[in-house]
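Here is the structure we will look at, set down as structure tokens.
The values are calculated or read from the model by the stated rules, or taken from the named source; none is laboratory data. Model, not experiment: these values are computed from the prediction. For neighbour counting, all protein chains shown are included, and Cβ atoms are generated from backbone atoms with ideal geometry for every residue, glycine included. Each accessible area value is taken on the protein alone, full model and side chains, heavy atoms only, with ligands, DNA and RNA left out. Shrake-Rupley method; radii C 1.70, N 1.55, O 1.52, S 1.80 Å.
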Amino acid sequence: MADTDDIQALTFEQALAELEGIVTRLESGQAALDDSIQLYERGARLKAHCESRLEAARLRVEKIVVGAQGTPGTEPAEFS
């Protein structure tokens, strides 16, 4: 549970940086099997956290979209 709690406290950028480090480490093949499994599990939790943060940001952007006549409105934001 403490592992999940510390992930929840991370910003998107912190979680993404740690996730990138985990991917690099796993791709290098230098970690022992048990370590690789633990890294993979943490990576999966970090990925879910990043996705959650992105979804929250998307919803915030949708709330602040201003309509063509200058009135606030909600429109789906498009990210290309």
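Per residue of the range 28-36, what does 6.51 cos²θ - 1.76 cosθ + 1.60 with θ = phi - 60° give for ³J(HN,Hα)? Whole Hz please, x for Gly and Pro, Karplus curve as stated.
Each residue of the range 28-36 in turn: 5, x, 8, 7, 5, 4, 4, 5, 4 Hz.
Under 13 Å from the Cβ of residue 19, count the other residues' Cβ atoms, weight Lys and Arg +1, Asp and Glu -1, and hand me the total.
-1
Each residue of the range 48-60 in order: what ³J(HN,Hα) in whole Hz does its phi give by Karplus 6.51 cos²θ - 1.76 cosθ + 1.60, θ = phi - 60°, with x for Gly and Pro?
4, 5, 4, 4, 5, 5, 5, 5, 4, 5, 4, 5, 5
At 1.4 Å probe size, with every protein chain present, just tell me what the per residue accessible area of the range 4-44 comes to in Å².
Using a 1.4 Å probe on heavy atoms only, each residue of the range 4-44 averages 70 Å².
So for each of 13-23, 29-39 I average, over its residues, the number of other beta carbons within 10 Å; can you give me the resulting order with the highest mean first?
By packing density, highest mean first, the sequence is 13-23, 29-39.
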